[in-house]
Structures are given as C-alpha cells and as structure tokens.
1. Once phi is turned into θ = phi - 60°, what whole-Hz ³J(HN,Hα) does the Karplus curve with 6.51, -1.76 and 1.60 give for every residue of region 35-51, x standing for Gly and Pro?
2. Here is the link list: Lys17/Lys113; Lys17/Lys112; Lys17/Lys47; Lys7/Lys44; Lys59/Lys112. Which ones come out longer than 19 Å on Cα distance?
3. Could you go through region 125-135 in sequence order and give the Karplus-derived ³J(HN,Hα) for each residue, using 6.51 cos²θ - 1.76 cosθ + 1.60 with θ = phi - 60°, rounded to whole Hz, and x for Gly and Pro?
4. What distance in nm lies between label points placed 7 Å from Cα along the C-beta direction at Thr93 and His53?
5. Taking the highest mean first, how do the peptides 104-112, 19-27 order by number of other beta carbon atoms within 10 angstrom per residue?
6. What is the calculated FRET efficiency for Leu30 to Glu83, with r their C-beta to C-beta distance and R₀ = 22 Å, to the nearest 0.05?
7. Taking θ = phi - 60°, what integer Hz values does the Karplus form 6.51 cos²θ - 1.76 cosθ + 1.60 yield along region 19-31, in sequence order, with x for Gly and Pro?
8. Please state the shape class of region 1-88: rounded when a/c is under 1.5, otherwise prolate if a/b exceeds b/c and oblate if not, all from the C-alpha gyration tensor.
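Each value in this text was obtained by applying a stated rule to the coordinates, not by laboratory testing. Values in this document were obtained by computation on a predicted structure and should not be read as measured data. Here the Cβ positions follow ideal geometry from the backbone for every residue, glycine too, while neighbour counts run over all protein chains shown.
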Amino acid sequence: MNPVKRKLLQAWITKAKRDLLGAQQLAPNLPDLAIYHCQQAAEKALKSVFVLHDLEPSKTHNIDTLIREVSVFHPELSARLDEARYLSEYNQTYRYPNDPSEDLIPTPGELKKAFSVAINIYRDVTTILPQEVIGQRSNSSQQSNQQQPSKQQGPQQPKKQQSVDNELEL
C-alpha cells in the first residue's frame, strides 16, 4: 500500500478511536458531549472505508447514508444499518442548542446504546482495513494510550486507560 494512503487511513481510524475514548471519559459528567463523540466515531470509521477505496470521503454526517454508500464495497456493513441509523441525530441534537426549554441530556440507556453501536461500527471497519494499517496504528496507539499501573493502593490509584481494542463500558 502507498505510504501516504496508509497514513491517511491510520489518521481516520485513530480519530475514530479517540472519539470513542473521549466518549468513554466524558460519559460520567458530560453525557451530551459523549453521545456526540459516539456519532463522530462511527462517522470517521465509516469514512475511512472511502479512503481505503481511493475515494474522497462523503461530506455527509448521516450515518445511514454512509453505511449505504460503503456497503457497495462491503455489503456486510449493511447489517449495522438498522441499529446505527439513529446515531445521525446526535450530530445535531447534542451539538447545537435548539429549543432553550429542552434539557438535552441523553438518558444513560441512550448513551450506552450509542456507545455500543459506535464500537461495533469501529470494530467492523477495522476488520476490513488491511493489517498494515491496523497493526501500525494499534501498536503506537496502545503504547501512547496506556498508563503504567500505579503502586498506590486505595481510591487515589489512577484507573488504567482502556483501549477500544478491549471491551469498553459506560
């Protein structure tokens, strides 16, 4: 694979992964931002498929449209269509103020579902990407994303940051 294309693919999938990690970290205190990052993670992962096929990523933020477009190349991705369709609304709903009388905070169940769907899309896309893209991205990302375990005991011990490649939970 051309090194420029490989780096661009790695950049797209790394951004998707970082959106998932950001969603996980934001979930307890800022669920509206977390759910927005779930939508962004799915969008960026799907747009990496365009790059894989030497196409300019579609300018849409609509997950339904993106899945339909990339399913032309990878029909197995269409299986995510029904569960992922609602992610598109989070690009606008939680990004911009609409009705000032509304409290736009997602429910814990809504956030958990969005996070699960985004992770599933991310994982589906990473199975499509060549190993040379995933292997190099995973190694460098895992090294930079993992903290050394602390020798302290008790509540002051920092949590080990998880990788999206492992199970993430909200």
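1. Couplings: 5, 4, 5, 5, 4, 5, 4, 5, 4, 5, 4, 5, 5, 5, 5, 4, 4 Hz.
2. On the way: Lys17/Lys113 17 Å; Lys17/Lys112 17 Å; Lys17/Lys47 13 Å; Lys7/Lys44 15 Å; Lys59/Lys112 27 Å.
Too far apart for the 19 Å limit: Lys59/Lys112.
3. Going residue by residue, I get 5, 5, 6, 7, 5, x, 4, 5, 7, 5, x Hz, with x marking Gly and Pro.
4. Going from the Thr93 label point to the His53 one covers 2.9 nm.
5. Numbers: 104-112: 14.3, 19-27: 20.9.
With the highest mean Cβ count within 10 Å placed first, the list reads 19-27, 104-112.
6. Working: r = 24 Å, r/R0 = 1.09.
It comes out at approximately 0.35.
7. My calculation for region 19-31 gives 5, 5, 5, x, 4, 4, 6, 7, 3, x, 10, 9, x Hz in order.
8. Working: a/c = 2.56, a/b = 1.33, b/c = 1.92.
In terms of gyration-tensor shape, oblate.
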